[in-house]
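Participant: Supplied in structure tokens, the structure appears directly below.
The values are calculated or read from the model by the stated rules, or taken from the named source; none is laboratory data. Remember, predicted model here, so these are calculated numbers, not experimental data. Neighbour counts are summed over all protein chains in view; Cβ atoms, including those assigned to glycine, are modelled from backbone coordinates with ideal geometry. We work out accessible area using only protein heavy atoms, side chains counted, and drop any ligands, DNA or RNA first. Shrake-Rupley method; radii C 1.70, N 1.55, O 1.52, S 1.80 Å.
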Amino acid sequence: MNQTEVFNQIKDIVIDQLDTDAPDIQLTTNFKSDLSLDSLDVFEIVDKIEDTFDVEIESDEGLATVGDLVNYVLEQKA
Amino acid sequence: MTIGYLFSGQGQQFAGMGADLYAQEASYRDVIDQASDILHHDLTTPAVVEDPQLAQANIVAFSVALHRVLAPELPAPAAMTGLSLGEYSALVAADSLDLATILPLVVDRTAYMNEAGAQRPGTMSAVLKTSAAQVEAICHQVREQGELVYPANYNTARQIVIGGSAAGVAQATERFHAAGIKRVVPLNMTVASHTPLMAAASRSLARRLQDVVFEEPSVAVYSNTTARPFAQLSLRDTLVKQLVQPTRFDLCLTALCDQGCDTLIEIGPGDALSKLAHKNHPDLATAHVDSVATLNQVRHALEEVHG
């Protein structure tokens, strides 16, 4: 899996968590400041990512942006 | 298209809430002016909007005023529900209670909950990737050890909020972690709503409701407590129990689907309920209205449906 594939899947998961129409999601998009998600929302996203990619994510520490999650998944899968 | 309404609960109020609607929507303004007269507080001033003692009244006034704007523009709803406080907004929308009755009532409800919380402080945490059976079993085990913790909000099949004493919630959290449930997320709450820790508030509310007259709801309003429509005769009793029994918003959403609803509109601050609706029933169309921008989105979507 390359970065684009992981990014696209994570983007779908994030959009699914949001109630609004698909916003412009980039690697730099910050969950809290750009998407105003609360920590519960972020954990729901993290849970879906665990299921989708079959990885374990112990905490949300250091996972502030979409790119952080993409890199985390890529490292786990490397 | 069959519509259902969801009325927001507490916790998603935002700064400047309603200012844009007040400036642009005449029927919104009428309700807020009426609410300000009833409460003897000007609900358009930020200090009043942010007053914690008026938080519940502000949310109900905001939601009822929004409903007044939306109702003439939308098809009649097949059913409604709300989360906790949102049930009160729904009952006004269904003509069971009027504004003059409900606003002082929810101000008192706030005070009862704060008093009960001061007597028996509590905390709440959301448990993710769990099940109802697991949450019930762990809460039971902790109570057998002498600490208080209970299931409080059944939000989805896998997301359940627990509430109890600080020690009870901490012990339950340890047990969840030991059982492989990693995420138990503390919520910003100082009272354990919808648990027996609210017993004193529930008793005060029972006395307060004795003289309140409810009409039979004109539309089915599903109760979080019973997952059935509120009925005139049992309404008081159900609202009293609501403070000490868990909310079954998951079952209310299923009931709305069973009533044929395919489109749910969340009325009130935030989008927490539309998100829950989407998680429970991914096929539902959802929208939330809490500003001029989101109101216009719904209007635009309606124009497309009707051509």
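Participant: From the phi angles alone, apply the Karplus equation (6.51, -1.76, 1.60; θ = phi - 60°) to segment B:30-38 and give each ³J(HN,Hα) in whole Hz, x where the residue is Gly or Pro.
Facilitator: 4, 5, 5, 5, 5, 5, 5, 5, 5
Participant: With +1 on each Lys and Arg Cβ and -1 on each Asp and Glu Cβ, how big is the dipole of the protein assembly as shown about its Cα centre, in debye rounded to the nearest 20?
Facilitator: Details: 24 positive and 51 negative charges, 276 e Å.
That gives the protein assembly as shown a dipole magnitude of about 1320 debye.
Participant: Pop out the Kirkwood hydrodynamic radius of segment B:122-189 from its pairwise C-alpha distances, inverse of mean 1/r, in Å to one decimal. The partial results should precede the final answer.
Facilitator: Numbers: mean 1/r = 0.0891 Å⁻¹.
Every distinct Cα pair counted, the radius reaches 11.2 Å.
Participant: Taking amide H atoms as placed 1.01 Å from N in the peptide plane, list the residues 5 or more away in sequence, or in a different chain, whose amide H sits under 5 Å from that of residue B:7.
Facilitator: HN-HN under 5 Å from residue B:7: B:81, B:82, B:83, B:267.
Participant: Continuing with the same structure: Quick one: P(r) of the protein assembly as shown from all Cα-Cα pairs, 10 Å bins, percents rounded to integers, in order of increasing distance.
Facilitator: 5, 22, 31, 27, 12, 3, 0
Participant: Shifting gears a bit: When Rg is the radius of gyration of the Cα atoms in segment B:202-274 and Rh is its Kirkwood radius, what does Rg/Rh come to? Let's see the in-between values first.
Facilitator: Details: Rg = 13.5 Å, Rh = 13.6 Å.
Ratio value, two decimals: 1.00.
Participant: On alpha carbon coordinates alone, what is the Rg over Rh value for chain B, Rh being the Kirkwood radius? Walk me through the numbers on the way to the answer.
Facilitator: Working: Rg = 19.0 Å, Rh = 19.7 Å.
That ratio is 0.97, to two decimals.
Participant: Express the Stokes-Einstein translational diffusion coefficient of segment B:5-88 in µm² s⁻¹, to the nearest whole number, given a Kirkwood radius over alpha-carbon pairs, 37 °C and a viscosity of 0.692 mPa s.
Facilitator: Values: Rh = 13.2 Å.
Reported coefficient: 249 µm²/s.
Participant: Determine ³J(HN,Hα), in whole Hz, for all residues of segment B:62-74 in sequence, where each value follows from phi through the Karplus function 6.51 cos²θ - 1.76 cosθ + 1.60 and θ = phi - 60°; x replaces Gly and Pro.
Facilitator: 4, 5, 5, 5, 5, 4, 4, 6, 6, 3, x, 9, 9
Participant: Follow-up question, since we're still on this one. Give the accessible area for residue A:1 in Å² (nearest 10); use a 1.4 Å probe, count only protein heavy atoms, and leave out ligands, DNA and RNA.
Facilitator: 120 Å²
Participant: Measuring with a 1.4 Å probe in the full set of protein chains, what accessible area per residue, in whole Å², belongs to segment A:3-77?
Facilitator: Numbers: 3780 Å² over 75 residues.
Ligands and nucleic acids excluded, the figure is 50 Å² per residue.
Participant: Scanning chain A for GluC sites (Glu not before Pro) in DSSP loops with at most 13 other Cβ atoms within 10 Å, what's the longest stretch left with none? Before the final figure, lay out the partial values.
Facilitator: Details: sites that count: A:56, A:58, A:61.
By the stated rule (loop sites, at most 13 other Cβ atoms within 10 Å), A:1-55.
Participant: A further question follows. Report ³J(HN,Hα) in whole Hz for each residue of segment B:224-238, in order, from the Karplus equation J = 6.51 cos²θ - 1.76 cosθ + 1.60 where θ = phi - 60°; Gly and Pro get x.
Facilitator: 5, 7, 9, 6, 10, x, 4, 10, 3, 6, 9, 4, 4, 4, 5
Participant: Same structure again: Over segment B:60-111, what relative contact order in percent results from Cα pairs under 8 Å that are six or more residues apart?
Facilitator: Working: 24 pairs, mean separation 20.1, N = 52.
Over segment B:60-111, the number comes to 39 percent.
Participant: Given H placed 1.01 Å from N in the peptide plane, which residues other than close sequence neighbours of residue B:152 have an amide H under 5 Å from its amide H?
Facilitator: It is B:161, B:162, B:163, by chain and number.
Participant: Just tell me how shielded A:40-49 is by partners: mean number of partner chain Cβ atoms within 10 Å of each residue's Cβ, no decimals. The partial results should precede the final answer.
Facilitator: Working: counts 10, 2, 1, 8, 10, 0, 3, 6, 0, 0.
Across the residues of A:40-49, the mean count of other-chain Cβ atoms within 10 Å is 4.
Participant: Another question about this same structure. Just the projected area, averaged over all directions, of the convex hull on the alpha carbon atoms of segment B:167-219: how many nm²?
Facilitator: On the way: hull surface 26.6 nm².
Directional mean of the projected Cα hull area for segment B:167-219 stands at 6.7 nm².
Participant: On to the next question. Two decimals, Cα atoms only, Kirkwood Rh: what is Rg/Rh over chain A?
Facilitator: Values: Rg = 11.3 Å, Rh = 12.4 Å.
Taking Rh as the inverse mean 1/r over Cα pairs, Rg/Rh reads 0.91.
Participant: A further question on this structure: Which value in deg cm²/dmol, rounded to the nearest 500, describes the helix-derived mean residue ellipticity at 222 nm for chain B, given -39,500 (n - 2.57) per DSSP H run of n ≥ 4 and division by the residue count? Don't skip to the end; give the middle numbers.
Facilitator: Details: 13 runs with 149 residues, N = 307.
Taking each H run of at least 4 residues, the total per residue is -15000 deg cm²/dmol.
Participant: Sticking with this structure for a sec: Starting from the Cα of residue B:182, draw a straight line to each of the lysines and keep only those under 24 Å, dropping any in the same chain fewer than 8 residues away.
Facilitator: A:11, A:32, A:48, A:77, B:129, B:275, B:279
Participant: Accessible area lost on pairing B with A, both sides, 1.4 Å probe, Å² to nearest 100?
Facilitator: Details: alone 13210 and 4800 Å², together 16550 Å².
Answer for the B-A pair: about 1500 Å² buried.
Participant: Can you give the Kirkwood hydrodynamic radius for segment A:34-76, in Å, rounded to one decimal and based on Cα pairs? Provide the component values of the computation, followed by the final result.
Facilitator: On the way: mean 1/r = 0.0943 Å⁻¹.
Value: 10.6 Å, from the Cα pair sum.
Participant: Any chance you could list the semi-axes, whole Å, largest first, of the equivalent ellipsoid that the Cα gyration tensor gives for segment B:34-147, using √(5λ)?
Facilitator: On the way: eigenvalues 217, 90, 28 Å².
Taking √(5λ) for each eigenvalue gives 33, 21, 12 Å, largest first.
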